[in-house]
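The values are calculated or read from the model by the stated rules, or taken from the named source; none is laboratory data. Keep in mind that what you see is a predicted model, and the values were worked out from it rather than measured. A quick note on method: Cβ atoms are made from the backbone with ideal geometry, for glycine too, and the neighbour counts reach across all protein chains shown. Just so you know, the surface numbers come from the protein's heavy atoms only, side chains and all, with ligands and any DNA or RNA stripped out. Shrake-Rupley method; radii C 1.70, N 1.55, O 1.52, S 1.80 Å.
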Amino acid sequence: MTKLAVIYYSSTGHGTVMANKVAEAATAAGAEVRVRHIAETRDPSTFAENPAWSANYEATKDLPAASGDDIVWADAVIFGSPTRFGSTAAPFQTFMDSLGGFWAKGQLANKAYAAFTSSQTAHGGQETTLIGLYTSLMHFGGVLVPPGYTDGLKFADGNPYGVSHITGPNNQNELDDATSAALEHMTQRVVTIADALSK
(Lines give C-alpha, C1' and ligand atoms only; values in the text may rest on other atoms or scores of the structure.)
Protein backbone atom coordinates (compact mmCIF):
# COMPACT_ATOMS: atom_id res chain seq x y z
CA MET A 1 0.00 0.00 0.00
CA THR A 2 1.40 3.38 -1.03
CA LYS A 3 1.91 5.79 1.86
CA LEU A 4 0.99 9.38 1.05
CA ALA A 5 1.73 12.36 3.29
CA VAL A 6 -0.33 15.51 2.73
CA ILE A 7 1.67 18.36 4.24
CA TYR A 8 0.22 21.83 4.02
CA TYR A 9 0.01 25.29 5.53
CA SER A 10 -3.29 27.14 5.55
CA SER A 11 -4.20 30.48 7.07
CA THR A 12 -7.85 31.06 6.21
CA GLY A 13 -8.83 27.42 5.65
CA HIS A 14 -8.81 26.96 1.88
CA GLY A 15 -5.65 24.86 2.10
CA THR A 16 -7.23 22.76 4.84
CA VAL A 17 -10.19 22.00 2.58
CA MET A 18 -7.86 21.17 -0.31
CA ALA A 19 -5.71 18.91 1.88
CA ASN A 20 -8.76 17.01 3.06
CA LYS A 21 -9.95 16.60 -0.54
CA VAL A 22 -6.53 15.18 -1.44
CA ALA A 23 -6.71 12.80 1.52
CA GLU A 24 -10.15 11.55 0.46
CA ALA A 25 -8.96 10.97 -3.10
CA ALA A 26 -5.83 9.15 -1.93
CA THR A 27 -7.83 6.90 0.37
CA ALA A 28 -10.19 6.11 -2.51
CA ALA A 29 -7.12 5.26 -4.63
CA GLY A 30 -6.01 2.72 -2.00
CA ALA A 31 -3.26 4.71 -0.28
CA GLU A 32 -2.49 4.95 3.41
CA VAL A 33 -2.76 8.66 4.16
CA ARG A 34 -1.23 10.93 6.75
CA VAL A 35 -2.49 14.56 6.80
CA ARG A 36 -0.28 17.06 8.63
CA HIS A 37 -0.69 20.81 8.86
CA ILE A 38 2.29 23.10 9.23
CA ALA A 39 2.00 24.90 12.53
CA GLU A 40 1.14 28.58 12.56
CA THR A 41 4.14 30.79 13.35
CA ARG A 42 2.26 34.03 13.95
CA ASP A 43 0.72 34.98 17.28
CA PRO A 44 -3.08 34.57 17.03
CA SER A 45 -3.52 38.13 18.26
CA THR A 46 -2.05 39.38 14.96
CA PHE A 47 -4.91 37.90 12.94
CA ALA A 48 -7.70 38.12 15.50
CA GLU A 49 -9.64 40.50 13.24
CA ASN A 50 -9.68 37.93 10.43
CA PRO A 51 -12.48 35.49 11.38
CA ALA A 52 -11.56 32.88 8.74
CA TRP A 53 -7.93 32.80 9.86
CA SER A 54 -8.91 32.56 13.52
CA ALA A 55 -11.43 29.81 12.79
CA ASN A 56 -8.91 27.72 10.82
CA TYR A 57 -6.30 28.21 13.54
CA GLU A 58 -8.69 27.02 16.24
CA ALA A 59 -9.82 24.06 14.14
CA THR A 60 -6.30 22.80 13.41
CA LYS A 61 -4.05 23.93 16.26
CA ASP A 62 -4.40 20.70 18.25
CA LEU A 63 -4.01 18.37 15.28
CA PRO A 64 -0.62 16.69 14.67
CA ALA A 65 1.81 19.15 13.11
CA ALA A 66 4.05 18.23 10.19
CA SER A 67 7.63 17.09 10.73
CA GLY A 68 10.37 15.72 8.52
CA ASP A 69 9.54 12.26 9.84
CA ASP A 70 6.25 12.42 7.93
CA ILE A 71 8.18 12.74 4.66
CA VAL A 72 10.56 9.91 5.62
CA TRP A 73 7.51 7.72 6.35
CA ALA A 74 5.89 8.44 2.99
CA ASP A 75 6.35 7.04 -0.50
CA ALA A 76 4.76 10.20 -1.89
CA VAL A 77 4.11 13.72 -0.62
CA ILE A 78 1.61 16.31 -1.78
CA PHE A 79 2.45 19.74 -0.41
CA GLY A 80 0.15 22.73 -0.12
CA SER A 81 0.77 26.41 0.55
CA PRO A 82 -1.05 29.62 -0.23
CA THR A 83 0.70 32.08 -2.48
CA ARG A 84 2.49 34.98 -0.80
CA PHE A 85 3.85 37.45 -3.35
CA GLY A 86 4.50 34.61 -5.81
CA SER A 87 6.15 32.29 -3.27
CA THR A 88 5.10 29.88 -0.55
CA ALA A 89 3.95 31.34 2.76
CA ALA A 90 6.56 32.00 5.46
CA PRO A 91 5.43 29.17 7.80
CA PHE A 92 5.64 26.73 4.90
CA GLN A 93 9.14 27.91 3.99
CA THR A 94 10.20 27.71 7.64
CA PHE A 95 9.15 24.06 7.59
CA MET A 96 11.09 23.44 4.39
CA ASP A 97 14.15 25.14 5.86
CA SER A 98 13.99 22.71 8.81
CA LEU A 99 14.55 19.67 6.58
CA GLY A 100 18.31 20.01 6.07
CA GLY A 101 19.22 17.09 8.29
CA PHE A 102 16.84 14.76 6.45
CA TRP A 103 18.10 16.03 3.09
CA ALA A 104 21.73 15.43 4.11
CA LYS A 105 20.92 11.79 4.85
CA GLY A 106 19.14 11.33 1.52
CA GLN A 107 15.84 10.64 3.28
CA LEU A 108 13.80 12.99 1.07
CA ALA A 109 14.92 11.50 -2.25
CA ASN A 110 13.19 9.11 -4.64
CA LYS A 111 9.67 9.94 -3.55
CA ALA A 112 6.83 11.18 -5.75
CA TYR A 113 5.95 14.84 -5.12
CA ALA A 114 3.27 17.27 -6.28
CA ALA A 115 1.65 20.38 -4.83
CA PHE A 116 -1.37 22.68 -4.64
CA THR A 117 -1.78 26.35 -3.87
CA SER A 118 -4.31 29.17 -3.63
CA SER A 119 -4.45 32.92 -4.08
CA GLN A 120 -7.10 35.61 -4.19
CA THR A 121 -6.80 36.19 -7.94
CA ALA A 122 -6.18 34.11 -11.05
CA HIS A 123 -2.82 35.76 -11.63
CA GLY A 124 -1.80 35.98 -8.00
CA GLY A 125 1.42 33.97 -8.34
CA GLN A 126 0.04 30.44 -8.33
CA GLU A 127 2.34 29.09 -11.02
CA THR A 128 5.50 30.73 -9.66
CA THR A 129 4.66 29.40 -6.20
CA LEU A 130 4.45 25.83 -7.48
CA ILE A 131 7.53 26.09 -9.69
CA GLY A 132 9.55 27.63 -6.85
CA LEU A 133 8.48 24.83 -4.52
CA TYR A 134 9.46 22.25 -7.13
CA THR A 135 12.96 23.73 -7.22
CA SER A 136 13.35 22.68 -3.58
CA LEU A 137 12.02 19.22 -4.38
CA MET A 138 14.60 18.84 -7.14
CA HIS A 139 17.26 19.57 -4.51
CA PHE A 140 15.72 16.73 -2.49
CA GLY A 141 16.16 14.34 -5.42
CA GLY A 142 12.40 13.97 -5.56
CA VAL A 143 10.42 12.65 -8.50
CA LEU A 144 8.10 15.43 -9.64
CA VAL A 145 4.63 14.29 -10.63
CA PRO A 146 2.80 17.38 -11.88
CA PRO A 147 -0.59 16.69 -13.44
CA GLY A 148 0.33 18.30 -16.76
CA TYR A 149 -2.47 17.98 -19.28
CA THR A 150 -2.89 14.26 -18.69
CA ASP A 151 -6.68 14.50 -18.55
CA GLY A 152 -9.17 16.70 -20.34
CA LEU A 153 -10.31 18.20 -17.04
CA LYS A 154 -6.97 20.00 -16.80
CA PHE A 155 -8.08 22.26 -19.62
CA ALA A 156 -10.85 23.51 -17.31
CA ASP A 157 -8.51 23.81 -14.33
CA GLY A 158 -5.78 25.33 -16.50
CA ASN A 159 -2.79 24.58 -14.30
CA PRO A 160 -0.36 21.90 -15.52
CA TYR A 161 2.03 22.47 -12.59
CA GLY A 162 -0.29 21.36 -9.81
CA VAL A 163 -3.70 22.48 -8.62
CA SER A 164 -4.65 26.02 -7.69
CA HIS A 165 -7.73 27.61 -6.14
CA ILE A 166 -8.86 31.21 -6.53
CA THR A 167 -10.22 32.38 -3.18
CA GLY A 168 -11.68 35.64 -4.51
CA PRO A 169 -11.26 39.26 -3.39
CA ASN A 170 -13.10 38.58 -0.14
CA ASN A 171 -11.26 35.28 0.38
CA GLN A 172 -14.56 33.40 0.50
CA ASN A 173 -14.78 31.33 -2.70
CA GLU A 174 -15.45 27.65 -2.00
CA LEU A 175 -13.77 24.94 -4.08
CA ASP A 176 -15.55 24.57 -7.40
CA ASP A 177 -16.11 21.29 -9.23
CA ALA A 178 -13.18 21.84 -11.61
CA THR A 179 -10.71 22.38 -8.76
CA SER A 180 -12.05 19.40 -6.81
CA ALA A 181 -11.76 17.18 -9.88
CA ALA A 182 -8.24 18.46 -10.53
CA LEU A 183 -7.20 17.63 -6.95
CA GLU A 184 -8.61 14.13 -7.32
CA HIS A 185 -6.85 13.58 -10.65
CA MET A 186 -3.48 14.84 -9.38
CA THR A 187 -3.76 12.68 -6.27
CA GLN A 188 -4.62 9.53 -8.22
CA ARG A 189 -1.69 10.22 -10.54
CA VAL A 190 0.74 10.69 -7.63
CA VAL A 191 -0.44 7.49 -5.94
CA THR A 192 -0.13 5.52 -9.22
CA ILE A 193 3.39 6.79 -9.93
CA ALA A 194 4.51 6.24 -6.33
CA ASP A 195 3.23 2.68 -6.52
CA ALA A 196 5.16 2.11 -9.74
CA LEU A 197 8.33 3.57 -8.20
CA SER A 198 8.12 1.18 -5.25
CA LYS A 199 8.15 -1.94 -7.46
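In this simple spin-label model, placing a label point 7 Å from the Cα along the Cα-to-Cβ direction at both SER54 and ASN20 gives a separation of 2.1 nm.
For the chain, a Gaussian network of Cα nodes joined below 10 Å ranks ARG189, ARG36, ARG84 by mean-square fluctuation, and the top entry is ARG84.
If you take all other residues with their beta carbon under 14 Å from the beta carbon of GLY168, and give Lys and Arg +1 and Asp and Glu -1, the sum is -2. Using a 1.4 angstrom probe and counting only protein chains, how large is the accessible area of SER54 in Å², to 10? Result for SER54: roughly 30 Å² accessible. Straight Cα distances below 13 angstrom link LYS111 to the aspartates and glutamates ASP70, ASP75, ASP195, with same-chain residues fewer than 8 positions distant left out.
Per DSSP helix of 4 or more residues, -39500 (n - 2.57); summed, then divided by the residues of the chain. What does that give at 222 nm, rounded to the nearest 500? Before the final figure, lay out each step's value.
On the way: 8 runs with 84 residues, N = 199.
Mean residue ellipticity, 222 nm, calculated: -12500 deg cm²/dmol.
With a Förster radius of 25 Å applied to the C-beta separation of SER45 and ALA65, the computed FRET efficiency comes to 0.80.
Of interest is the spacing of the C-alpha centroids, which for the stretch 43-66 and the stretch 175-199 amounts to 28 Å.
Using a cutoff of 8 angstrom between alpha carbon atoms and counting only pairs six or more residues apart, the relative contact order for the chain works out to 24 percent.
ALA181 sits among other residues whose Cβ lies under 12 Å from its own Cβ, and their net charge, with Lys and Arg +1 and Asp and Glu -1, is -3. Restricting the stretch 119-199 to GluC sites (Glu not before Pro) that sit in a DSSP loop and have at most 16 other Cβ atoms within 10 Å of their own Cβ leaves GLU174.
Figure legend: label point modelled 7 angstrom from the Cα of GLN172 along Cα→Cβ; residues of the stretch 4-47 with amide N under 16 Å from it are 12-14.
Roughly how compact is the stretch 113-199, stated as its Cα Rg over 2.2 N^0.38 Å to two decimals?
Expressed relative to 2.2 N^0.38 Å, the Cα Rg reads 1.12.
For the chain, the pair-distance distribution built from all alpha carbon pairs, in bins 5 Å wide starting at 0, is 1, 8, 17, 22, 22, 16, 9, 4, 1, 0, 0 percent. Hydrophobic, long helices, defined as DSSP H runs whose alpha-carbon span along the helix axis is 18 Å or greater and whose mean Kyte-Doolittle value is at least -1.0, occur in the chain at 14-28, 126-140, 177-197.
Which net charge results when you count Lys and Arg as +1 and Asp and Glu as -1 among the other residues whose beta-carbon is under 13 Å from that of PHE47? Taking every Cβ under 13 Å from that of PHE47, the sum is -2.
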